[in-house]
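Novice: Mind having a look at this structure? Questions to follow.
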Amino acid sequence: MENSTDLGMLIQFVYVASGALFIYGLKMLGSAATARRGNMLSAIAMLVAILAALMDQGIVEYQWILLGFVVGAIIGGAAARMVQMTSMPEMVALFNGFGGMASLLVGWAALSGATSTFTLITIALSILIGGLTFTGSLVAYGKLSETIGSGAVMFKGQQVVNSLIVLGILGSAVMFCQHPDTMQWLYLIVGLSLLFGVMAVIPIGGADMPVVISLLNSYSGLAACAAGFAVNNNILIVAGSLVGASGIVLTQIMCKAMNRSLSNVLFSGFGSVSAATGEVEGEIKPISVEDAYYVLEAASNVAFVPGYGMAVAQAQHVVKELCELLEENGAEVSFGIHPVAGRMPGHMNVLLAEADVPYDQLLEMDDINPRMENVDVAIVIGANDVVNPAAREEESSPIYGMPIINVDSARTVFVLKRSMASGFAGIENPLFYKDNTRMLFGDAKESIGGLIREFE
Amino acid sequence: MDIVFLTFILMLAIFLGFELINKVPATLHTPLMSGANAISGITVVGAISLAGTGEQDLANWLGAAAVALATINVVGGYMVTDRMLAMFKKKEGSH
């Protein structure tokens, strides 16, 4: 007996060490120079925690644990190796969902040993958060990978239905805590939580995905945290809440970058709002690849502003090539990255890093805007709403007040665009009609390829 | 274990999380998120003891499934984060 408590103490102390490693690893993730080692440290922390958990005396057979490890490692490893950088948002969404489901199952399984009401409440919580993270993430995955429509799905009485689901969850949670032996209340919580995850994400449009994915990231941590309470485990609580806090911070940053409140993103269904019909003055001025080349050849300061369209066209590698040619030509080249460009926080940075663009060449919005007046040519690739001057000038615009990259202050703006269709938010962009704007129509990858051929 | 004690840990960890993440530059937001995602696979630790009870009951099966799902998260999350971070390079001194 004494032996087992000693071992129990040892396991707890190993968890403390693991927690310290997680915290230090996250701290190192905060700087590009140390981030890779930080991630490694965090992985070691995880390994240490898993080894400690395996020492538990309550474990009498290992084959199911081993099977779980093998299956999980094969799937996870294969996915991590094969995923394209363009598809990172989908994969993170899917992984979030798995984490949520795992927490749901742990909460459920903990029921057999549950005695106190407090434990029952935390079991209900881990099922609720885990379940809504799971289905919410699956819907987000569907929207991001465009296996289902990426638009906002709204219907009449949606708020009423959602309120009823929430009430249903609360009601069955109360009944569950009073009658933990009758399984139907548990099943009801599971079912309603899964349904709630779907209902919570369908009204959110594709353009708001960076917010949703950050929030689901946070939930997956909170679900682990709740499961930690259910099985009385410190390390789950510590690591889970670190992830929870991280997701919430990112959510706030994304909301701020769109000048919208979280509740506005979650409940308003932005994509379905009818676009303002403000008249735009001026005319569209297309430019040929050849003429664009002459302008670029004379430019001494060029700024690229990429958006999700660059990811879709897989144009990051040709962009890097053009960037090198411009530098050889004596021009100073920088990249302006809007916080919500792409479908997840920092998406553009990863794509450009993949194409070997050094990260000190990537400037955040607040750093590039003051320099924009000195830029000879700003090249907008597949970005729309994040460079839309209506956000600054037109109070009637739905995106009014959103901070943007002021490409219109540059001497010349090239907009690479497939056609005149409006952006994700469905809003007219006055930038295209400005005197200093030239439209380079066509596939971004081909247009840039054309420019590269002109240089050579 | 004491409820108050666990809640106290929760409170401290959340504040610590806010402090740590607020300092992360935008460039690293995607790796941060997938790295955090891997950490949320910590549920595996809770699932392990449930999957090894040796009793062929529902809790055991649920635990085993949770081990598999959380391991996807852990292995996939850390590997893809490492793959991304390996691509981040600083500009070389001279051209």
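No value in this document is a laboratory result; all are computed from the given coordinates. In this text, all values refer to a predicted model and were calculated from it rather than measured experimentally. Cβ sites come from the backbone with ideal geometry, for glycine too, and all protein chains shown count toward neighbours.
Novice: Sort A:382-389, A:367-374, B:35-42 by packing, meaning the average of other beta carbons within 10 Å per residue, with the highest value first.
Specialist: Descending packing order for the listed peptides: B:35-42, A:382-389, A:367-374.
Novice: Which FRET efficiency value, to the nearest 0.05, do you get for residue A:167 and residue A:283 by plugging their Cβ-Cβ distance into 1/(1 + (r/R0)^6) with R0 = 56 Å?
Specialist: About 0.50, to the nearest 0.05.
Novice: Set Lys and Arg Cβ to +1 and Asp and Glu Cβ to -1, take the dipole of the range A:289-333 about its Cα centre, and tell me which of A:303, A:316, A:293 lies farthest positive.
Specialist: Value: A:316.
Novice: Please work out whether the range A:96-201 counts as rounded, prolate or oblate from its C-alpha gyration tensor, where a ≥ b ≥ c are the square roots of the eigenvalues and a/c under 1.5 means rounded, while otherwise a/b larger than b/c means prolate and anything else oblate?
Specialist: It comes out oblate by the Cα gyration axes.
Novice: Order of A:139-150, A:96-107, A:203-214 by packing, highest average Cβ count within 10 Å first?
Specialist: For the peptides A:139-150, A:96-107, A:203-214, the packing ranking is A:96-107, A:203-214, A:139-150.
Novice: How much of the calculated P(r) for the range A:86-273 lies past 27 Å, in percent of all Cα pairs? Before the final figure, lay out each step's value.
Specialist: Values: 4762 of 17578 pairs.
Summing the P(r) tail past 27 Å for the range A:86-273 gives 27 percent.
Novice: Among A:108, A:71, B:72, whose Cα sits farthest toward the positive end of the charge dipole of the protein assembly as shown (+1 at Cβ of Lys/Arg, -1 at Cβ of Asp/Glu, about the Cα centre)?
Specialist: Result: A:108, furthest along the dipole toward the positive end.
Novice: Starting from the amide H of residue A:413, placed 1.01 Å from N in the peptide plane, find each other amide H under 5 Å away whose residue is 5 or more places distant or on another chain.
Specialist: A:378, A:437, A:438
Novice: To continue, here is another question. Which ³J(HN,Hα) values, rounded to whole Hz and listed in residue order, are derived for the range A:428-437 from phi using the Karplus coefficients 6.51, -1.76 and 1.60 in 6.51 cos²θ - 1.76 cosθ + 1.60 with θ = phi - 60°, glycine and proline given as x?
Specialist: 4, 10, x, 4, 5, 9, 6, 4, 8, 9
Novice: At a temperature of 4 °C and a viscosity of 1.567 mPa s, determine how fast the range A:1-60 diffuses translationally according to Stokes-Einstein, using the Kirkwood radius over alpha-carbon pairs as Rh; express D in µm²/s, rounded to the nearest whole number.
Specialist: Working: Rh = 12.3 Å.
For these conditions, the coefficient is 105 µm²/s.
Novice: Apply 1/(1 + (r/R0)^6) to the Cβ-Cβ distance of residue B:3 and residue A:145, taking R0 = 41 Å, and write down the FRET efficiency to the nearest 0.05.
Specialist: 0.45
Novice: A follow-up question, please. How large is Rg/Rh for the protein assembly as shown, to two decimals, with Cα atoms and a Kirkwood Rh?
Specialist: 1.02
Novice: Next question. Express the relative contact order of the range A:289-455 as a whole percentage, based on alpha carbon pairs under 8 Å and six or more residues apart in sequence. Before the final figure, lay out each step's value.
Specialist: Details: 310 pairs, mean separation 44.6, N = 167.
Rounded, it is 27 percent for the range A:289-455.
Novice: Relative to a virtual label point 7 Å from the Cα of residue A:360 in the Cα→beta-carbon direction, which members of the range B:12-29 show backbone nitrogen distances below 19 Å?
Specialist: Hits in the range B:12-29 for residue A:360 at 19 Å: B:25-28.
Novice: Please tell me the relative contact order of chain B in percent, rounded to the nearest whole number, where contacts are Cα pairs under 8 Å and at least six residues apart.
Specialist: Normalised by residue count, the contact order of chain B is 29 percent.
Novice: Quick one: net charge of residue A:254's neighbours, Cβ under 13 Å, K/R +1, D/E -1?
Specialist: Value of the local net charge: +2.
Novice: For chain A, what relative contact order do you get, as a whole percent, if you take Cα pairs closer than 8 Å and at least 6 residues apart?
Specialist: Worked out over chain A, it gives 13 percent.
Novice: Classify the range A:289-455: rounded, prolate or oblate, from the alpha-carbon gyration tensor (a ≥ b ≥ c, eigenvalue square roots; a/c under 1.5 rounded; otherwise prolate if a/b is larger than b/c)?
Specialist: In terms of gyration-tensor shape, rounded.
Novice: Can you find, among A:129, A:219, A:171, the residue sitting farthest towards the positive end of the charge dipole of chain A, where Lys and Arg contribute +1 and Asp and Glu -1 at Cβ?
Specialist: So the residue we want is A:171.
Novice: Based on DSSP H runs of at least 4 residues, each adding -39500 (n - 2.57), what is the mean residue ellipticity at 222 nm of chain A after dividing by all its residues, to the nearest 500 deg cm²/dmol?
Specialist: It comes out at -19000 deg cm²/dmol, rounded to the nearest 500.
Novice: Please determine, in degrees from 0 to 90 and to the nearest 10, the orientation of helix A:209-230 with respect to the longest principal axis defined by the Cα atoms of chain A, where the helix direction is its Cα long axis.
Specialist: Taking Cα atoms only, the helix is inclined about 10 degrees.
Novice: OK, next. Can you tally the lysine pairs in the protein assembly as shown where the Cα-Cα distance is under 17 Å and the two residues are eight or more apart, or on different chains?
Specialist: Lysine pairs satisfying the spacing and distance rule in the protein assembly as shown number 10.
Novice: Pulled fully out, how much extra length does the chain show between residue A:411 and residue A:374, if you take 0.36 nm times their separation in residues and subtract their Cα-Cα distance?
Specialist: 12.5 nm
Novice: What FRET efficiency do you get for residue A:112 and residue B:86 if R0 is 41 Å and r is their Cβ-Cβ distance, rounded to the nearest 0.05?
Specialist: On the way: r = 43 Å, r/R0 = 1.06.
It comes out at approximately 0.40.
Novice: Taking the inverse of the average 1/r across all pairs of different Cα atoms in the range B:29-88, what Kirkwood radius in Å do you get?
Specialist: 12.2
Novice: Rounding to the nearest 10 and keeping the result within 0 to 90°, find how far the Cα-based axis of helix A:88-109 lies from the longest principal axis of chain A.
Specialist: Here the helix axis deviates by roughly 10 degrees.
Novice: If amide H atoms are built 1.01 Å from N in the plane of the peptide, which residues on other chains or at least 5 residues away come under 5 Å of the amide H of residue A:305?
Specialist: Excluding prolines and chain starts, which carry no amide H, the hits are A:336, A:379, A:380, A:381.
Novice: Calculate the spin-label point distance for residue A:295 paired with residue A:178, positioning each point 7 Å from the Cα along the beta-carbon direction, and give it in nanometres.
Specialist: Taking the simple label geometry, residue A:178 and residue A:295 are separated by 7.1 nm.
Novice: All other residues with a Cβ under 12 Å from the Cβ of residue A:415 taken together, and with Lys, Arg as +1 and Asp, Glu as -1, what is their net charge?
Specialist: +4
Novice: Starting from the amide H of residue A:329, placed 1.01 Å from N in the peptide plane, find each other amide H under 5 Å away whose residue is 5 or more places distant or on another chain.
Specialist: Those qualifying (amide H under 5 Å, at least 5 residues apart or on another chain) number zero.
Novice: Between beta-carbons, use under 15 Å as the cut-off and find the net charge around residue B:27, counting Lys and Arg +1, Asp and Glu -1.
Specialist: Here the charged neighbours net out to -1.
Novice: What ³J(HN,Hα) values, in whole Hz, does the Karplus curve 6.51 cos²θ - 1.76 cosθ + 1.60 give for the range A:339-353 when θ = phi - 60°, with x put for Gly and Pro?
Specialist: x, 9, 5, x, 9, 8, x, x, 4, 5, 4, 5, 4, 6, 5
Novice: Then there's this: Angle, helix A:35-54 long axis vs. longest principal axis of chain A, Cα atoms, 0 to 90°, nearest 10?
Specialist: For helix A:35-54, the angle is close to 20 degrees.
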